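**Student:** Below is the structure I would like to discuss, written out as structure tokens.
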Amino acid sequence: MRIAVVGSGYVGLVTGACFADMGHEVVLVDNDEKKLAELRNGEVPIHERFLPELLARHRGQHIKFSGDLQAATRESEVVIIAVGTPPTESGDADLSYVESVAREISGGVDEYKVVVEKSTVPVYTSQWIRTIIMRNGTDPALFDVASNPEFLREGTAVTDFLYPDRIVVGVESDRAAEVMRQLYGPLTSGWYYGRGDAIPRPDAAKVPPRLIITSTKSAELIKHASNAFLAMKISFINAVASICESVGANVEQVSDGIGTDSRIGPQFMNPGIGYGGSCFPKDLLAFRAVAKESGYDFRLLEEVIRINEEQRHRFLRKVRSVLWTFRGKRLGVLGLAFKGGTDDIRESPALLLVQELLREGCHICAYDPAAMERAKEVLKSGVEFAGDAYEAATGADAVLILTEWEEFAALDLERLRTLVKYPIVLDGRNLYDPAVMVKHGFSYYSVGRPAALSEELPARAQPQKRERA
Ligand code: UGA
């Protein structure tokens, strides 16, 4: 099929590259000429596994780049809107980019097309897109609007797209449903998975995926409700972790005991310093605003957000209770991205913590495998950037693990022990077994698990008092 994807941000770029790999002809449209030139030159603006391979495979052949949305619309059977929907001051999504794209699309609708909203948007957006396109003079018989929310995660975006748990398509006509079935046919028929050069299948992926057809409003709600539910799971386990700390229980054992109930499931049950990123924080605010608008006071979401913020403050209090005072302390910080596998620092709890520690007068030496360039634009002074985790830890009063990168879970602990000033590790992502850390001579503090103290630790670095929930 011939497809236009509007917006070359995270979702647009991955969507375009994956549809090209599924055998479609894709034109990726953006109004940023500089970005288009970089993409044409072979640059890949985001750190995402398999994306460089896919773009290299299809660039100039099955995927082209254009600044002309009307021409791209004319050439395409499906036009996918994947532009940003940033939060406004009040928390609801700013839909002005979506609106201006819809307006421009209307000038290119000369025969039947399906306009697909893939950006995360509030309920009713597809109706608005339809209204805007009609208002600008397009015959309503010449197009349908579908809602096709995207569930990809940063870091695993390509495999999430090609091996999804489910594909959700919201439509208002059989004709649009048929077009959307064809669009995803290479996945739902299993054809893609039989190809020798398919992107490798993740272990847990079940193929072929189920296609769920709903109304457009239901599809819009599915996206917001999914993200809200996942964020709620994280806040729930973080709240349980706080109780574990107070009573001396181990949240890992508790989450294992809860998550093995198949009705609950083990995923998104890792406690830590809270969720961040460009999706959960924004989508929770937007969903709360949608609920309010519809007359429902969704206070549960407020509590999810509150627990999430409190989680970061708790961790800061823990660092303080271990170090006693902050001013002049040298901290080795491992991780700046909002999660492992990405260079994205938007709403990163790691970065927010670093900023707070800097305000308290700490000296930070930080390392992140991918996010340092982006972090440098935000962290102007008081921070040194190291070439690896060991350099960051050298001479540190304490090492802080703030992002769940795989490489931080596989450090050479013997080597680390020889580099630090004091063998203290505060792990905001629970990457290590406390007993192993103590065996290597570290005092180790994590989230929701009892502190594991090494006998070698100088007495003055012991926590002054036990934290209260
Ligand atoms: C999230 C959703 O998982 C995707 O399904 C959705 O498509 C995407 O938002 C979106 O709306 O675009 P993403 O933000 O890329 O994806 O990252 P996640 O893997 O969900 O992680 C979000 C945050 O939660 C990270 O800060 C991570 O460290 C944290 N997290 C995750 C935990 O603290 N504990 C967990 O058990 C899991």
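The values are calculated or read from the model by the stated rules, or taken from the named source; none is laboratory data. As the structure is a prediction and not an experimental result, all values here were calculated from the model. Don't worry about glycine lacking a Cβ; one is built from the backbone with ideal geometry, like all the others, and counts go over all protein chains shown. All accessible areas refer to the heavy atoms of the entire protein, side chains included, with ligands and DNA or RNA removed. Shrake-Rupley method; radii C 1.70, N 1.55, O 1.52, S 1.80 Å.
**Student:** Only residues in segment 37-51 that are within 17 Å of residue 26 (Cβ to Cβ) count as the first member; pair them with residues that are open to solvent by less than 60 Å² (accessible area, probe 1.4 Å) and part of a loop (DSSP other than H, G, I, E, B), Cβ under 6 angstrom, at least 6 apart or cross-chain, and list the lot.
**Tutor:** 50/199; 51/44
**Student:** Confirm whether residue 454 is at pLDDT below 95 and either of a type in the set (Ser, Thr, Tyr) or surrounded by 20 or more Cβ atoms within 10 Å (Cβ to Cβ) (or both).
**Tutor:** It is true that residue 454 is at pLDDT below 95 and either of a type in the set (Ser, Thr, Tyr) or surrounded by 20 or more Cβ atoms within 10 Å (Cβ to Cβ) (or both).
Results for (1) more than 16 Å from the ligand (Cβ to nearest atom); (2) open to solvent by 10 Å² or more (accessible area, probe 1.4 Å), shown as yes or no for each residue.
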site: 324; (1), (2): yes, yes
site: 327; (1), (2): yes, yes
site: 338; (1), (2): no, yes
site: 343; (1), (2): no, yes
site: 349; (1), (2): no, no
site: 353; (1), (2): no, no
site: 361; (1), (2): yes, yes
site: 366; (1), (2): yes, no
site: 371; (1), (2): no, no
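**Student:** If you take the residues in segment 276-315 that are open to solvent by 20 Å² or more (accessible area, probe 1.4 Å) and farther than 27 Å from residue 221 by Cβ, which one is nearest to the ligand (Cβ to nearest atom)?
**Tutor:** Among residues in segment 276-315 that are open to solvent by 20 Å² or more (accessible area, probe 1.4 Å) and farther than 27 Å from residue 221 by Cβ, the one nearest to the ligand (Cβ to nearest atom) is 312.
**Student:** Here is a check on your reading of the model: is residue 183 touching a helix residue (DSSP H, G or I) at 6+ places or on another chain (Cβ under 9 Å) and open to solvent by less than 50 Å² (accessible area, probe 1.4 Å)?
**Tutor:** Yes.
**Student:** Against the conditions (1) outside the structural domain of residue 265 (by TED's automatic domain parsing); (2) surrounded by fewer than 19 Cβ atoms within 10 Å (Cβ to Cβ); (3) more than 21 Å from residue 2 (Cα to Cα), where does residue 229 fall short? Just the number, please.
**Tutor:** Failed condition: (1).
**Student:** Considering segment 243-271 alone, what residues qualify as being surrounded by fewer than 20 Cβ atoms within 10 Å (Cβ to Cβ) and outside any loop (DSSP other than H, G, I, E, B)?
**Tutor:** 243, 246, 247, 253, 254, 256, 257, 258, 259, listed by residue number.
**Student:** Still on this structure, please answer the following. Only one of 56, 71, 37 is part of a helix (DSSP H, G or I), over 27 Å from the mean Cα position of the chain (by Cα), surrounded by fewer than 17 Cβ atoms within 10 Å (Cβ to Cβ) and not hydroxyl-bearing (Ser, Thr, Tyr). Can you tell me which?
**Tutor:** Details: 56 fails: over 27 Å from the mean Cα position of the chain (by Cα); 37 fails: over 27 Å from the mean Cα position of the chain (by Cα).
Result: 71 is the single residue among 56, 71, 37 that is part of a helix (DSSP H, G or I), over 27 Å from the mean Cα position of the chain (by Cα), surrounded by fewer than 17 Cβ atoms within 10 Å (Cβ to Cβ) and not hydroxyl-bearing (Ser, Thr, Tyr).
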